[in-house]
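The values are calculated or read from the model by the stated rules, or taken from the named source; none is laboratory data. Computed from a prediction, not measured in an experiment: that's the story for all the values here. When we count neighbours, we look across all protein chains shown, and the Cβ atoms used for this are built from the backbone with ideal geometry, even at glycine. Surface areas here come from the heavy atoms of the whole protein model, side chains and all, with no ligands, DNA or RNA. Shrake-Rupley method; radii C 1.70, N 1.55, O 1.52, S 1.80 Å.
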Amino acid sequence: MIELRGKLLNGYGKIVGSGVRLEDGVVAEVFPVEEGVEGWVTPGFIDVHCHGGGGASFPDDPSAEGVDKAVEAHRSFGTTALIASTVSLIDTLTPIKGLAQACEEGKLVGIHLEGPYISPAKCGAQNPAAIRMPDLDELRGWLEAGKGWIKTMTIAPEVDNAIEAAQLLLDYGAVPSWGHTSADEEQTRAVIEATSAYAAKIGFAKPPQMATHLFNAMPPLGHRAPGPVRELMAAARRGEAVVELVADTVHVHPDLVADVVTFIQRENPLGVVFVTDAMEGAGMPDGKYVLGGQDVDIVDGVARLSRNGAIAGGTARVAEEVQRMVRGGYLDMEAAVRCGVGAPAHAVGLTQADPGVTLEWKVGEPANAVVFTEDLEVTTIVREGVAR
């Protein structure tokens, strides 16, 4: 028997109790809301954009051992459900096969393809030699090899056949995630409208599109040329998209993160997702690492490509992003938890039945939980009823 005490939030950021009692790994009792309770109990966090951690990289080493090492780095700090991200690669098929196997074994809940159909001018830490225009036959082969586990794919709105690629993704139950782009507002608006219309036509049940790490690797928001940022935010506010934010306070200024969350959540509470964009250095000390075959240096916790200094993914876990945003006074815990649990589940169609996912505290069902002190130190993590 385990008791987890604190202000109990569900995955949608609502206080629903003062803790839970677990017996044999499942919820046995939800304690009623009480005044004066210190600390927090949240569901386990969900990361839908993660390249690795713990010294292992999903695109570089999709072996069982590599996956286990990366998953553990995130699970040990409260991420109980994880989608593995690739990068732009010459050979995308090999990591898809390895990661799909990990999904089937319950280690991961999906795959995110970040590229290679992106803008060469906004490749960020992606390998320029691997970037190419969409090939629908190639993409169909990847989707088949993914066995239904490919949940999202980053595509630039302006590339050839972007809309056709988006429609193919939707046909397979995946969604396009617009990013790594040089598109203007008109190009971005066109793909959003076309994708939304096609999703409605086929009765697609999830949000029909996402935005890959909003602001990063795309033109800045300008007062005469608002570019893709304004269109993606507006679509998320309408419920036609979900936008990612790397809320580590490095990729995007925390004031701006808070502004976007407040603006979108006012109309669409599940329209913003915190992602880590983590690479193999997450949870590791400063040093030399690799991302998609490219050398990366981590200095003072910030990962940058050795060759040009471009930011090369993140080094935080989702719970650390929540700590930074809430401790800094930028967001309240309720809003941050929506971004770290309910919104990612909503974006990619995860439910209470998926391993590592708790959205509501239901008696008789396995628990996935993170326990924080009042000052947001993590004290306990529970995944599928097993505490650590």
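So here's what we get for this one:
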{"read-out": "Average Cα contact separation per residue, the range 45-355, under 8 Å, 6 or more apart, as relative contact order %", "value": "19"}
{"read-out": "Label zone at V33, where the point sits 7 Å out along the Cα-to-Cβ direction: the range 341-366 residues whose backbone N lies under 18 Å", "value": "360-362"}
{"read-out": "Residue-normalised accessible area of the range 254-337, expressed per residue, 1.4 Å probe, Å²", "value": "38"}
{"read-out": "Relative packing of peptides 12-18, 131-137 - highest average C-beta neighbours within 10 Å first", "value": "12-18, 131-137"}
{"read-out": "Computed over the range 45-355, Kirkwood Rh from alpha-carbon pairs, angstrom", "value": "18.7"}
{"read-out": "Alpha carbon centroid spacing (whole Å) that separates the range 178-200 from the range 229-258", "value": "16"}
{"read-out": "Cα long-axis angle, helix 227-238 against the chain (0 to 90 degrees, to the nearest 10)", "value": "40"}
{"read-out": "Overall form of the range 138-289 per C-alpha gyration tensor (a/c, 1.5; a/b vs b/c)", "value": "oblate"}
{"read-out": "Rounded to 10°, Cα long-axis angle of helix 185-202 versus longest principal axis of the chain", "value": "70"}
{"read-out": "Electrostatic dipole magnitude of the chain [Cβ: Lys, Arg +1; Asp, Glu -1; Cα centre; debye, to 20]", "value": "420"}
{"read-out": "Ordering of 291-301, 64-74 by packing [mean C-beta count within 10 Å, highest first]", "value": "64-74, 291-301"}
{"read-out": "Mean residue ellipticity (222 nm) of the chain, computed from DSSP H runs ≥ 4 via -39,500 (n - 2.57), nearest 500", "value": "-8500 deg cm²/dmol"}
{"read-out": "Assigned charges on the beta-carbon of Lys, Arg, Asp, Glu; the range 116-240 dipole about Cα centre (debye)", "value": "480"}
{"read-out": "Radius 11 Å from Cβ of K7, net charge of other residues (Lys, Arg +1; Asp, Glu -1)", "value": "-3"}
{"read-out": "Calculated FRET efficiency for the pair K147/I202, C-beta based, R₀ 22 Å, to 0.05", "value": "0.60"}
{"read-out": "The range 356-388 and the range 93-172: distance between their alpha carbon centers, rounded to Å", "value": "32"}
{"read-out": "Å³ per residue enclosed by the Cα convex hull of the range 144-215", "value": "87"}
{"read-out": "For the range 45-355, share of DSSP beta bridges that run antiparallel, in % to the nearest 5", "value": "30"}
{"read-out": "Dimensionless Rg/Rh of the range 1-151 - Kirkwood Rh, Rg from C-alpha atoms", "value": "1.11"}
{"read-out": "Neighbour net charge for P134 - beta-carbon separation under 9 angstrom, K R +1, D E -1", "value": "-3"}
